[in-house]
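J.: Got a structure here, written out as structure tokens. Questions coming.
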Amino acid sequence: MQSSMRLNRVFARRIVATIFRPFSPRRTLSSGGGGGFNEGSVSDRVGPPEEVIDQRDKDGMTSNIGHYDVAIVGGGMVGMALACALSSMPLTKNLTIAIIDSNPALGSKGIFKQDGVPDPRVSTVTPATISFFQEIGAWKYVQQHRHAYFDKMQVWDYTGLGFTKYSAKDVDKDILGCVVENKVLHRSLFTSFQDTDIQKTIYPARLTSMTFESPYSSTVADSHPPNEQGISSGSAYPGDTSRKQHRECLAKLDLDDGSSLFAKLVVGADGAKSRVRETAGLKATGWSYPQSAIICTVEHNVENLCAWQRFLPSGPIALLPMGDRYSNIVWTMSPKESTDHKLMSEDDFVRAVNHALDYGYGLHPQSTFLGLPSDRFTWIAGRGTSSVSEYFEVPPKVVKVASERMAFPLSLMHAHNYASRRVVLMGDAAHTVHPLAGQGVNLGFGDASSLSKVIAEGIMTGRDIGELSLLKKYEKERMTANIAMMALIDGFQKAFSVDVGPINLLRAAAFHGAQYIKPLKRNIISYAMGEQKWPLFL
């Protein structure tokens, strides 16, 4: 009888706490259209919309802390892609999700001008990424804004000894990729996420600390992250095995606005300087390249329909189509050169770009192989490789710089582990790469796709989604794929940074091989498009 009365009192306290919970400044997404937030609206739930944990402090008072299945730290493109994927899959759409990001622009109702100058911050998304966006319902929103498909690409270097042209027709496809402004990708993902019924809350704050506690007790179970085997150094219920198993520790996230929340799984999607990675004690290895990249939007007198990349002594320069006679420049050079090019006059910069994409540093490659016309070697390429007989072309001239010029340093970084107990990393928090292949964000979207499926698998089999053995499945799949791509990109960066006769000849042989050998060309294209899991040598 007494136990029954105590149980009723517990239920009564929880009901009262739920009804009279205080409002908080957190932003809860509405399910209506418009792409914005409802801030402080009485008609929408403003505090934690999910289970409220009844946590007692030393004075016997209770406090309400949001309890979520998944807390995504970082609401950028990759973090939002995971949220969107989870909200669109039948097995995961009933999860509760918190997104922690202090960016005030997250979810703002800014209007994109379709006829305005494209932002210089763009991504080249692969067909595999496009398919992922279509699966999660985001690509239809990308199509409402400016985007530029391309089906051809030309790559050459300054020595003039060789070049390679790639065509989507070489692999029986319509496109090689699509260039999209980052803000368009992000807004499309957010809009798709908002349109779902999944329970979701935005915390406009920064993560300050992360501990591992039981939400049913004020006793700290483990003030440090578990080791790689997921074993905590302490317990909320020492000596009580049954209670330890029943009330397992969750991740408790403390934010810089004074709020806190519990989560079964914390996803670090907070960039190269990840606070999640730091607080979880996950180590990383990397180095800085002696290079910086300068980016900007430029304008032509004609439409650019091809992606161009030329390797120069100081690093590659890429000219990517943006539609409406605009292109995007990504130019790698030394830090001093990047500063000089950022500060030089527009006329001087235009001349420098055209020099780098035309006769600068060396002659144009000849459309011959071993001194013979390229069409004499169609027997090597075989039927169906249309680009083998195409001649070298000069990119369209740049006539104007249409945006500000931005410069940023380049580096490589890779986490030793992507997962620990209740914590997982993805995107730039797990790996960063050189931009020469345009694969960085595609690797991040691949992480989001893989992790969402692993979480769904865990739910289907009745497992804890923060269980280390489950998260290691994601780590194994993505770490292998990411390391392969990173090694390939880093190898290219180093190979094209050396100006020595024998190395130049080897690069020329590689260009000719990629141009004239059909299986090699098809393999390169399929791998770069994300439709082949491994490069040729694996």
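The values are calculated or read from the model by the stated rules, or taken from the named source; none is laboratory data. Quick caveat, the model's predicted, so the values are computed rather than measured. Here the Cβ is made from the backbone with ideal geometry for all residues, glycine too, and neighbour counts use every protein chain on show. Heavy atoms of the whole protein, side chains included, go into the accessibility calculation; ligands, DNA and RNA do not. Shrake-Rupley method; radii C 1.70, N 1.55, O 1.52, S 1.80 Å.
J.: How many residues, within segment 523-534, are more than 21 Å from the chain's Cα centre (by Cα) and surrounded by fewer than 19 Cβ atoms within 10 Å (Cβ to Cβ)?
T.: So the answer is 1.
J.: Every residue in segment 277-290 that is under 18 Å from residue 342 (Cβ atoms) and surrounded by fewer than 18 Cβ atoms within 10 Å (Cβ to Cβ), please.
T.: 290
J.: Just name the residue that is surrounded by the most Cβ atoms within 10 Å (Cβ to Cβ) out of those in segment 291-327 that are of a type in the set (S, T, N, Q) and touching a Ser or Thr at 6+ places or on another chain (Cβ under 6 Å). Walk me through how you get there before you give the answer.
T.: Of segment 291-327, the ones of a type in the set (S, T, N, Q) are 291-292, 297, 301, 304, 309, 314, 327.
When the remaining residues are screened for being touching a Ser or Thr at 6+ places or on another chain (Cβ under 6 Å), the result is 291-292, 297, 304, 314.
Numbers: 291: 22, 292: 22, 297: 22, 304: 24, 314: 18.
Within segment 291-327, the match that is surrounded by the most Cβ atoms within 10 Å (Cβ to Cβ) is 304.
J.: Moving on. Out of segment 268-308, which residues are over 30 Å from residue 155 (Cβ atoms) and out of contact with any helix residue (DSSP H, G or I) (no Cβ under 7 Å at 6 or more places or on another chain)?
T.: Step one: of segment 268-308, the residues over 30 Å from residue 155 (Cβ atoms) are 268-270, 273-284.
Within segment 268-308, 273, 275, 278, 279, 280, 281, 282, 283 qualify.
J.: Could I ask something else about it? Using the structure shown, decide if residue 453 is closer than 30 Å to residue 121 by Cα and either open to solvent by 30 Å² or more (accessible area, probe 1.4 Å) or part of a helix (DSSP H, G or I) (or both).
T.: Spelling it out, residue 453 is indeed closer than 30 Å to residue 121 by Cα and either open to solvent by 30 Å² or more (accessible area, probe 1.4 Å) or part of a helix (DSSP H, G or I) (or both).
J.: Oh, and also: Scan segment 384-397 and tell me whether some residue there is at pLDDT below 70, in a helix (DSSP H, G or I) and either open to solvent by less than 30 Å² (accessible area, probe 1.4 Å) or closer than 30 Å to residue 76 by Cβ (or both).
T.: So far as segment 384-397 goes, yes, one or more of its residues are at pLDDT below 70, in a helix (DSSP H, G or I) and either open to solvent by less than 30 Å² (accessible area, probe 1.4 Å) or closer than 30 Å to residue 76 by Cβ (or both).
J.: Which of the residues belonging to segment 140-189 are crowded, with 22+ Cβ neighbours inside 10 Å, in a helix (DSSP H, G or I) and without any contact (Cβ under 8 Å) to a residue 60 or more places away in the chain?
T.: Across segment 140-189, the qualifying residues are 142, 188.
J.: Residue check, residue 435 against (1) modelled with pLDDT of 95 or more; (2) within 30 Å of residue 270 (Cβ to Cβ), all met but one. Which one?
T.: The failed condition is (1).
J.: Could we say that residue 411 is in a loop (DSSP other than H, G, I, E, B) and farther than 30 Å from residue 91 by Cβ here?
T.: Working: in a loop (DSSP other than H, G, I, E, B): no; farther than 30 Å from residue 91 by Cβ: yes.
Considered against the rule, which asks whether it is in a loop (DSSP other than H, G, I, E, B) and farther than 30 Å from residue 91 by Cβ, residue 411 comes out as no.
J.: Checking residue 131 against (1) in contact with an Asp or Glu (Cβ under 8 Å, 6 or more places away or on another chain); (2) surrounded by fewer than 24 Cβ atoms within 10 Å (Cβ to Cβ), only one condition comes out false. Which one?
T.: The one condition residue 131 does not meet is (1).
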